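Asker: One structure is given below, represented as structure tokens, and several questions about it will come after.
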Amino acid sequence: MQPQNGGAGGKPMDVDAYSTRHRQAWTRLNYLTGRRTLTGAEADELVRLYRQTSQQLARLQTHSPEPELVAGLSAVLARARGRIVGSSPDTWTEIRRFFTHRFPAAVYRACGWWLAVAVVFLTVVAGFTTWISVDPSARRTLGLQEDTRALTAPGGAFETYYTEHPNDAFAALVWTNNAWVSALALFLGVLILPVLYLLFMNALNIGVTAGLMADAGRLDSLFGFLLPHGMLELTAIFIAGGAGLKLGWTLVDPGGTSRAEAVARQGRTTATIALGLVPTLLVAGLLEGFVTPSALPTPVRIACGLLAETLFLAYIFTAGRRAGAESETATSLPTGSGQRHYG
């Protein structure tokens, strides 16, 4: 099987045509790698396909890198190499590589989508906050009660929400709820409109609460209870919403490949983001369960949330950029891969 197209100085490689031409061999390599026992002929075929696929991967990485395809093919080769040398991938190595490469790279590549979601979301929140706090007719328009002191007063419903349950139970409840919201945003993204509705309703709820608290002159309480966990929590929801919308847009515009293949590829990336957001939302839940309602001074509680948010964004934009650069510039088979999904 001869690698074709994309020679030095030649025309750009047609990645889709190249993938179609060799996909059957890649699938066969993956199948042989997963078999419990191999005949002598199958073992020889495994080695031959491994060598050929290594060369094809190098061509893809050199001439026309496509991160999802490169990552999936690298995973197949990593498992095949383990089979050939008589070893299996180390579980902890794969977990480590997931969090150092796969997850941050997937989030980083989708940053245009989730940053746009963040801007629109916060704009909607600011709009409702301003409207409710300055326009007396806003409450009637939105069907809100005129007297909301039960919510906004010191010791009112807004503040007691964070203290009425035991810390550990509240953290678990918040984690479960946020994970559910993020999962809906991710996997309903293929339909687009449900995700837009979900994001809008969350922005509306925050905007209404912020507007009522601002009108009562209690923004200090709002920020003191919302920011310690809310920065990281909302960032996770923005990422989920952005990735979900990107999945939906792939269905509308699959690019130069078939719609089914494009959606399947983006779906695997979406699943990677979903899995990586689980511990992210766990941290946000722990902050909401133990830091937000604590007796720590408000500046200290907010500083804890800001530290968590800063570390997470630094992780995404450093590890994600580095992982993306590695997949684009490598010209030989990586020494290992945490990628498990390949279609």
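Asker: Report every pair of residues separated by at least 6 positions or lying on different chains whose Cβ atoms are under 8 Å apart, first residue within the range 166-190 and outside any helix (DSSP H, G or I), second open to solvent by 10 Å² or more (accessible area, probe 1.4 Å).
Answerer: LEU188/PRO194; LEU188/LEU198
Asker: Another question about this same structure. Could you check how many residues of the range 250-262 are under 27 Å from PRO104 (Cβ atoms), without any contact (Cβ under 8 Å) to a residue 60 or more places away in the chain and in contact with a helix residue (DSSP H, G or I) (Cβ under 8 Å, 6 or more places away or on another chain)?
Answerer: Selection size over the range 250-262: 4.
Here's the yes/no breakdown for (1) among the hydrophobic types (A, V, I, L, M, F, W, C); (2) at pLDDT 80 or above; (3) open to solvent by less than 50 Å² (accessible area, probe 1.4 Å); (4) not in a helix (DSSP H, G or I):
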residue	(1), (2), (3), (4)
SER294	no, yes, yes, yes
PRO299	no, yes, no, no
LEU306	yes, yes, no, no
PHE312	yes, yes, yes, no
ALA323	yes, yes, yes, no
GLU326	no, no, no, no
SER332	no, no, no, yes
THR335	no, no, no, yes
TYR342	no, no, yes, yes
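Asker: Just to be sure I understand the filter: pairs with C-beta atoms under 8 Å, separated by 6 or more residues or on different chains, first member in the range 192-216 and at positive phi, second member crowded, with 16+ Cβ neighbours inside 10 Å and among the aliphatic types (A, V, I, L, M). Which pairs pass?
Answerer: ILE192/LEU245
Asker: Counting only residues that are open to solvent by less than 50 Å² (accessible area, probe 1.4 Å) and touching a residue at least 60 places away in the same chain (Cβ under 8 Å), how many does the range 280-292 have? Write out each step before concluding.
Answerer: So in the range 280-292, the residues open to solvent by less than 50 Å² (accessible area, probe 1.4 Å) come out as 280-281, 284-285, 287-289, 291-292.
When the remaining residues are screened for being touching a residue at least 60 places away in the same chain (Cβ under 8 Å), the result is 281, 284-285, 288-289, 291-292.
Residues in the range 280-292 being open to solvent by less than 50 Å² (accessible area, probe 1.4 Å) and touching a residue at least 60 places away in the same chain (Cβ under 8 Å): 7 in total.
Asker: Oh, and also: Say we look at the range 1-16 and pick out the residues that are open to solvent by 60 Å² or more (accessible area, probe 1.4 Å) and within 32 Å of the chain's Cα centre (by Cα); which of these is modelled with the lowest pLDDT?
Answerer: Pass one, the range 1-16, residues open to solvent by 60 Å² or more (accessible area, probe 1.4 Å): 1-2, 4-5, 8-9, 11-12, 14.
In the following step, the residues that additionally are within 32 Å of the chain's Cα centre (by Cα) were identified as 12, 14.
Working: PRO12: 60, ASP14: 76.
Per the criteria, the residue is PRO12.
Asker: Pairs please, first residue from the range 32-43 and under 11 Å from ARG83 (Cα atoms), second anywhere and of a type in the set (A, V, I, L, M) and open to solvent by less than 50 Å² (accessible area, probe 1.4 Å), Cβ atoms under 6 Å, 6+ apart in sequence or on different chains.
Answerer: Going by the 6 Å Cβ cut-off, the qualifying pairs are LEU32/LEU46; THR33/ALA80.
Asker: Does LEU226 fit the bill of being open to solvent by 30 Å² or more (accessible area, probe 1.4 Å), aliphatic (A, V, I, L, M), within 18 Å of GLY289 (Cβ to Cβ) and part of a helix (DSSP H, G or I)? Spell out how you get there, then give the answer.
Answerer: Values: open to solvent by 30 Å² or more (accessible area, probe 1.4 Å): yes; aliphatic (A, V, I, L, M): yes; within 18 Å of GLY289 (Cβ to Cβ): yes; part of a helix (DSSP H, G or I): yes.
For LEU226, the condition - open to solvent by 30 Å² or more (accessible area, probe 1.4 Å), aliphatic (A, V, I, L, M), within 18 Å of GLY289 (Cβ to Cβ) and part of a helix (DSSP H, G or I) - is met.
Asker: Any idea how many residues of the range 17-53 are surrounded by fewer than 17 Cβ atoms within 10 Å (Cβ to Cβ) and either assigned to a helix (DSSP H, G or I) or touching a Cys at 6+ places or on another chain (Cβ under 8 Å) (or both)? Don't jump to the end; show me each part of the working.
Answerer: First, pick out the residues of the range 17-53 that are surrounded by fewer than 17 Cβ atoms within 10 Å (Cβ to Cβ): 17, 20-21, 23-25, 27-28, 31, 34-45, 47-48, 51.
Filter again for either assigned to a helix (DSSP H, G or I) or touching a Cys at 6+ places or on another chain (Cβ under 8 Å) (or both), leaving 17, 20-21, 23-25, 27-28, 31, 34, 40-45, 47-48, 51.
Number of matching residues: 19.
Asker: Right, another one. Could you grab me the full set of residues in the range 111-128 that are open to solvent by less than 80 Å² (accessible area, probe 1.4 Å) and out of contact with any Leu (no Cβ under 9 Å at 6 or more places or on another chain)?
Answerer: CYS111, GLY112, LEU115, ALA126, GLY127
Asker: Related question: Would you check if there is a residue in the range 90-100 being within 30 Å of ALA295 (Cα to Cα) and either β-branched (Val, Ile, Thr) or open to solvent by less than 80 Å² (accessible area, probe 1.4 Å) (or both)?
Answerer: Of all residues in the range 90-100, those within 30 Å of ALA295 (Cα to Cα) come to none.
Scanning the range 90-100 turns up no residue that is within 30 Å of ALA295 (Cα to Cα) and either β-branched (Val, Ile, Thr) or open to solvent by less than 80 Å² (accessible area, probe 1.4 Å) (or both).
Asker: Six or more apart or on different chains, Cβ atoms under 7 Å: show the pairs whose first residue is in the range 116-134 and over 14 Å from LEU198 (Cα atoms) and in contact (Cβ under 8 Å) with a residue 12 or more places away in the chain and whose second is open to solvent by less than 30 Å² (accessible area, probe 1.4 Å) and aromatic (Phe, Trp, Tyr).
Answerer: Partner pairs satisfying both residue conditions: none exist.
Asker: How many residues are open to solvent by less than 10 Å² (accessible area, probe 1.4 Å) and not hydrophobic (A, V, I, L, M, F, W, C) if we restrict to the range 236-271?
Answerer: Summing the residues that are open to solvent by less than 10 Å² (accessible area, probe 1.4 Å) and not hydrophobic (A, V, I, L, M, F, W, C) in the range 236-271 gives 5.
The values are calculated or read from the model by the stated rules, or taken from the named source; none is laboratory data. Note that this is a predicted model, so its numbers are computed, not measured. Glycine gets a Cβ as well: all are built from the backbone with ideal geometry, and neighbour counts include every protein chain shown. SASA here: full protein model, heavy atoms, side chains in, ligands and nucleic acids out. Shrake-Rupley method; radii C 1.70, N 1.55, O 1.52, S 1.80 Å.
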